[in-house]
Amino acid sequence: MAALTRRRVARLTAAAVAAAFLASLVRKVQKYPFIKRALVLLVRLAWERLTRGRDARAAGFVLNEDDVTTTWLDRELKRKFGADKVVVRKLVRRERMGDDMGNASSMFRLTIDYALNNAELPKVMILKTPRDEVASRLAFTPTRMNEMEARFYQDVEPKLDTTHSGVHVPRGIAARFNDDGHFYVLMSDVSCERVRFQTEKDAICDIDTARCIAEGLASFHGPFLGLPASSGLESIIRLDDPVLNMTTQFAHAGWGPCVSKSGQSMSDDLVKRGPQLIMLAQRLNDYMTGGRDGAPATLVHGDSHLANAYFVTSDDASTRILGLYDFQLLRCGNGAIDLASFFAGSAETDFLCEHLDEILRMYLERIHALQDRLTPRDSQSALTELEVLHRDFRLALGLVFCWNVAAGLAIAFDTEAAEGYKKYFFRICAAVDRLGVIDTALAHFGGRELGRNGYRGPEPAWDVPPLQKVLPNADDPAHDLLGYKAFRAQLATLKPGWWNKMKHELKFRLLKRITSSRKGYHGQKTTDLEDAYLEGHHPVDWAKGKPEVETSAFDSFYLSSFAPYEQTGAPSMGLRVCKRPRDEDGEAWIIIKVPGVAIFTWADHPATHGCVVFDTEDSVTVTSKDGKSELRLMCETPMQQWRATFSGKLRNTKTDALVDSFFDVTWTKDMDMFSFGTDVSPGLTARALALETLSREWGDELKAAHQEHFELYGTVKGSLNIGSERYDVHGRGMRDRAFGIRDWGYMQRYLANYFWTGSMESSRLYNVTMASLPVLSNGKFGFVCPPGASRGAPITALSGNFAEIGADGKPSKELWLSFQCDEITYTMKVFVDEGDTVVLNMGPNRQFVNFRFASFEVSWIDPSTGNIMTEKGYGGSEFGYRFADYEPTRPKLSDLSHLPVGQHGKSS
């Protein structure tokens with residue numbers, strides 16, 4: 001019986017794993033058209049192999065060189081030149097042009113003998129066909145590379161013949177393609193003309209050659225700039241086409257092999273920072289579609305460098321014209337792509353850095369001869385055309401780098417042609433280093449390691465952004481105030497290996513269903529409770545005389561106000577009162593920043609202990625240790641308006657002097673309540689829970705660690721008197737209420753950022769929080785409330801590795817993270833100046849909190865326009881750490897019976 005049960009469990013497990021795999025595959029197929037096209041193509045290729053290519057040959061396609069016959073050539077040439085002008089007598093010679101010349105196609109030089117003497121007919125021509133390899137067809141057909149080669153000679157080359165004099169391309173004779181990846185192109189053999197080919201060994205190092213290339217690329221781009229309706233380029237794929245939305249995935253997969261193949265040729269800095277650029281690959285790809293805040297879209301070769309170019313010399317050798325061939329990466333996009341690929345990959349890096357400005361100016365001069373502007377007429381950018389082109393050149397270079405990293409999956413660095421490619425790629429790497437491409441990309445997109453965040457057509461499509469940048473705040477003297485040593489948080493991590501990843505994914509999906517269905521922890525919901533109950537006092541007396549919870553039961557009130565520090569000069573403040581069970585025990589925060597003067601705090605800080613009394617049903621008061629200072633918080637209208645008053649002494653943190661002070665401020669609601677018990681993202685919570693080791697004991701402790709916590713934002717107005725000086729208070733700030741069980745030392749660490757951006761008249765409101773408990777070591781929560789919205793929407797993804805953000809107990813003075821809300825990816829930058837940190841001893845000696853007045857900057861892509869939006873703002877940034885020698889009491893499930901939420905105050 002036991003063996004039967006084990007077999008049944010094994011079968012069920014195998015079925016669950018298979019179902020999860022199939023579900024994951026279906027989602028990927030739906031999300032990534034490339035995968036769908038590749039799977040369909042795989043089926044067609046299998047059928048082709050079974051039928052030996054019968055259908056393709058019947059349709060007139062070339063599957064191998066034996067299909068290139070006199071009859072086939074005669075038919076194709078008659079289509080081009082007319083049946084009465086062509087009679088192919090014999091295919092004199094069919095010469096394969098090297099097996100290693102490319103990875104996507106094969107090329108042949110054909111020499112033909114005609115029965116009719118006609119000077120118009122080419123006696124030598126080039127045939128290009130797909131490689132007869134399944135892997136090659138699967139790699140290049142779904143992205144329409146073969147199709148683009150054929151379409152160039154069908155739709156574009158005829159226009160170039162009549163409109164261009166500054167660029168040369170082979171003359172198209174015949175071109176066809178189908179969705180199975182079959183294609184062929186017959187083109188003129190330009191080597192028969194006054195043509196000089198160069199290889200990557202012949203690096204560009206003179207200004208005359210650079211001018212020829214810059215003007216040639218401008219001549220190729222110019223007539224199609226802005227993609228006018230008359231250009232007839234509707235069939236050319238755009239860079240933001242959904243089939244190209246796996247740029248980051250391919251670049252990420254190619255990074256390891258690329259670094260291995262590169263050896264010592266890639267700098268240590270690029271090896272270290274390259275992944276930051278890889279994570280930006282999709283955003284770079286989508287931006288380079290053109291027409292954003294850079295140059296308008298045009299026709300882009302996509303793979304321009306010396307190996308895909310040639311030079312045509314005039315009869316008297318006085319002038320040279322750039323020639324281009326190999327159009328499989330033809331795209332509609334930003335012309336800077338061709339500039340970056342050609343000059344960064346084929347020019348000596350020293351030459352490029354010295355002459356880049358001159359090269360771009362030559363390009364612009366030629367563009368202006370064809371179009372009156374490079375930038376859009378309605379551009380709001382304050383940058384000049386040259387500045388835009390400098391920026392776009394670097395962004396394009398970042399994209400070209402990512403493309404070539406991905407190409408490393410298909411290119412073996414051990415062939416004759418690959419030797420030239422290696423030179424090209426290593427020059428790209430050197431240019432990325434020398435021109436500061438990574439920093440330019442990070443600055444432009446507002447983030448570090450920012451993930452796929454591309455706007456695609458009328459409906460936005462986003463992915464989770466793994467972004468993080470941390471600059472330690474090692475110089476701030478506030479950290480030495482307590483002489484503390486921080487507890488090193490023990491963080492659950494995903495173990496390597498496919499089996500662990502599969503288990504994690506199954507746990508995540510199960511937990512997501514549970515958290516989504518229950519909408520909150522163990523039935524303790526606030527959705528049915530009246531405002532007056534939630535805002536009122538919550539008794540903590542039940543914990544008296546119970547050592548395990550006497551220091552954990554709490555009832556907390558918090559109110560803040562943040563004003564534009566450098567603009568208005570108005571004070572900013574953070575105020576907190578917390579009631580604990582022991583007699584009139586409690587905690588108090590008063591932290592006030594007066595710009596240009598000092599930060600003023602509660603007289604007893606860094607100790608936070610105070611005497612807390614519930615004066616009435618609607619107010620709470622905390623008194624300092626000497627009884628001379630009093631802070632009172634009063635609820636005037638539940639969920640609508642609160643008032644805070646203070647009279648007594650505040651400590652000047654610069655001089656350590658106590659100063660007579662008074663304030664009276666009123667907080668008025670701008671946003672409805674956001675509950676951290678019921679409104680947070682189930683998926684984000686489940687992702688963190690799935691990292692933990694699940695057990696009944698773990699589940700009981702997770703429930704027992706519950707607290708109710710909700711936040712609102714509002715406008716704060718009032719007055720502040722410090723000494724003889726009076727200040728008007730006018731800011732926007734977060735107010736919260738929390739009650740239940742909270743031992744400050746039970747939390748290993750936490751990071752909370754609450755702030756607003758925009759203007760006082762139209763603000764965007766945020767909370768971005770990370771918390772580490774023994775049972776939830778990677779918790780992430782938060783919300784965004786846009787202008788005009790009454791309620792915050794939960795953050796559904798939040799980057800950041802807790803182990804790398806101030807793990808040594810020293811908070812970061814600069815921190816970049818990214819998060820996702822309502823399918824928009826935001827980049828958050830936090831900046832803290834020296835002297836703007838106040839350290840608080842909670843407990844005592846349970847946890848120390850670094851309260852910091854911070855400036856914020858948030859960037860995102862507007863999904864309706866595709867434009868990058870940036871707003872600055874102000875708020876608080878808290879870093880909390882458990883004291884290293886503190887041993888917290890683990891909460892017990894039996895304590896839940898005392899919690900008030902869900903038992904009282906239900907609305908009728």
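How much length is gained if the chain between residue 503 and residue 196 is pulled fully straight, taking 0.36 nm per residue apart and subtracting their Cα-Cα distance, in nm to one decimal? Write down the numbers at each step before the final one.
Numbers: separation 307, 0.36 × 307 = 110.52 nm, distance 5.94 nm.
Result: 104.6 nm gained on full extension.
To the nearest 0.05, what FRET efficiency results for residue 530 and residue 615 with a Förster distance of 22 Å applied to their C-beta separation?
Values: r = 21 Å, r/R0 = 0.97.
FRET efficiency, residue 530 to residue 615: 0.55.
Between residue 208 and residue 79, what FRET efficiency follows from the Cβ-Cβ distance if R0 is 60 Å, with the result rounded to 0.05? Could you put the intermediate results ahead of the total?
Details: r = 41 Å, r/R0 = 0.69.
Using R0 = 60 Å, I get an efficiency of 0.90.
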Review point. With every protein chain in place, what's the accessible area of residue 759 (1.4 Å probe, Å², nearest 10)?
Key: 40
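Just by accessible area at a 1.4 angstrom probe, what is the order of 368, 537, 301 from largest to smallest? List each step's numbers first, then the result.
On the way: 368 80, 537 55, 301 0 Å².
These residues rank, largest area first, as 368, 537, 301.
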Practice item. Heavy atoms only, probe 1.4 Å: what % of the accessible area of the range 67-193 goes to carbon and sulfur, would you let me know? Key: 46
Revision key, fill the gap. Of 208-220, 598-610, 543-555, ordering from highest average Cβ density within 10 Å down gives 208-220, 598-610, 543-555
Point to revise | Mean accessible surface per residue for the range 201-340, computed with a 1.4 Å probe while every protein chain stays in place, in Å² | key: 32
Practice item. Apply the Karplus parameterisation 6.51 cos²θ - 1.76 cosθ + 1.60, with θ equal to phi minus 60°, to every residue of the range 841-846 and state each ³J(HN,Hα) to the nearest whole Hz, in sequence, with x for glycine and proline. Key: 9, 9, x, x, 6, 9
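Distance cut-off 25 Å, Cα to Cα: go down the list 85/123; 654/829; 78/159 and report the pairs above it. Don't skip to the end; give the middle numbers.
Details: 85/123 14 Å; 654/829 27 Å; 78/159 22 Å.
Over 25 Å Cα-Cα: 654/829.
Could you rank 157, 385, 95 by how accessible they are, 1.4 Å probe, largest area first? It would help to have the intermediate numbers written out before the result.
Values: 157 5, 385 40, 95 65 Å².
The most accessible residue leads, giving 95, 385, 157.
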Revision key, fill the gap. Given a Förster distance of 41 Å, the FRET efficiency implied by the Cβ-Cβ spacing of residue 46 and residue 495, rounded to the nearest 0.05, works out to 0.65
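Multiply the residue separation of residue 361 and residue 867 by 0.36 nm, subtract the distance between their alpha-carbon atoms, and state the gained length in nm to one decimal.
On the way: separation 506, 0.36 × 506 = 182.16 nm, distance 2.63 nm.
In short, 179.5 nm is gained.
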Study note, to complete from the structure: In Å², rounded to a whole number, the accessible area per residue of the range 629-745 with probe 1.4 Å is 37
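Holding the Cα-Cα limit at 26 Å, pick out from 579/813; 90/128; 507/813; 80/201; 272/422; 507/703 the pairs that are longer than that.
Over 26 Å apart, Cα to Cα: 579/813; 507/813; 80/201.
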Exercise for review: Please calculate how many Å² of accessible area the range 749-801 carries per residue, with a 1.4 Å probe and no DNA, RNA or ligand atoms counted.
Suggested key: 25
Revision key, fill the gap. Zone reached by a paramagnetic label modelled 7 Å from residue 833 Cα along Cα→Cβ, restricted to the range 723-739 with backbone N below 19 Å, covers 727-732
Practice item. Pull out the extension gain between residue 695 and residue 585, defined as 0.36 nm times the separation in residues minus the alpha carbon to alpha carbon distance; nm, one decimal. Key: 36.0 nm
Point to revise | Residues of the range 812-844 with amide N under 20 Å of the 7 Å Cα→Cβ point at residue 803 | key: 812, 816-818
Study note, to complete from the structure: Listed by chain and number, the aspartates and glutamates with an alpha carbon less than 19 angstrom from that of residue 625, same-chain partners under 8 positions apart left out, are 583, 584, 585, 587, 604, 615, 656, 660
Review point. Along the range 587-597, what does the Karplus equation 6.51 cos²θ - 1.76 cosθ + 1.60 (θ = phi - 60°) give for ³J(HN,Hα), rounded to whole Hz, x for Gly and Pro?
Key: 10, 9, 10, 9, 9, 10, 9, 9, x, x, 10
Practice item. Take the Cα of residue 109, step 7 Å along the line toward its Cβ, and report every residue of the range 126-142 whose backbone nitrogen sits under 15 Å from that point. Key: 126-128
Review point. Given the protein chains as shown and a 1.4 Å probe, how many square angstrom of residue 709 are accessible, to the nearest 10?
Key: 30
Revision key, fill the gap. Each label sits 7 Å from Cα toward the beta-carbon; between residue 179 and residue 439 the label points are separated, in nm, by 4.9
Review point. Roughly how much of residue 57 is accessible, in Å² to the nearest 10, using a 1.4 Å probe?
Key: 90
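The values are calculated or read from the model by the stated rules, or taken from the named source; none is laboratory data. Here the structure is a predicted model, which is why all the values come from computation and not from measurement. In this analysis, Cβ positions are derived from the backbone assuming ideal geometry, glycine residues included, and neighbour counts consider all displayed protein chains. Remember, those area values only see protein heavy atoms, side chains included, never the ligands or the DNA or RNA. Shrake-Rupley method; radii C 1.70, N 1.55, O 1.52, S 1.80 Å.
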